[in-house]
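Report on the structure given below.
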Amino acid sequence: MEKEYCLIGIHFFSVERSVIHMNILMVIFGLVAIFAVIGTVQAFKERNVLSILFNLGAAVIFGGFTIATIVFQGYPQTL
């Protein structure tokens, strides 16, 4: 049973719903990190220094956040 809490017009849902949202967020951030790595490889082929820097930065930030969240929060078995 899902409970909804309201505090000054802001609705807070139970843990089950936030876990589902965290799963979806980690999938999206993981895809962004993978695409950033692919973009880095293409940037090396084209020898585009600015693109290499931005793609590496995105891969490190999004990939690191994804891995850290999954390690410390865990990844539930079911959506």
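The values are calculated or read from the model by the stated rules, or taken from the named source; none is laboratory data. Only a predicted model underlies this, so the values are computations on that prediction, with no experimental measurement involved. No Cβ is skipped: glycine too gets one built from the backbone with ideal geometry, and neighbour counts run over all protein chains shown.
Residues checked against (1) crowded, with 17+ Cβ neighbours inside 10 Å; (2) under 24 Å from GLY74 (Cβ atoms); (3) at pLDDT 95 or above:
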{"position": "ILE28", "(1), (2), (3)": "no, yes, no"}
{"position": "ALA36", "(1), (2), (3)": "yes, no, yes"}
{"position": "GLY39", "(1), (2), (3)": "yes, no, yes"}
{"position": "SER51", "(1), (2), (3)": "no, no, yes"}
{"position": "ALA59", "(1), (2), (3)": "yes, yes, yes"}
{"position": "GLY63", "(1), (2), (3)": "yes, yes, yes"}
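Return the residues of segment 17-26 that are surrounded by 15 or more Cβ atoms within 10 Å (Cβ to Cβ) and over 11 Å from the mean Cα position of the chain (by Cα); say none if nothing qualifies.
Answer for segment 17-26, where residues must be surrounded by 15 or more Cβ atoms within 10 Å (Cβ to Cβ) and over 11 Å from the mean Cα position of the chain (by Cα): just VAL19.
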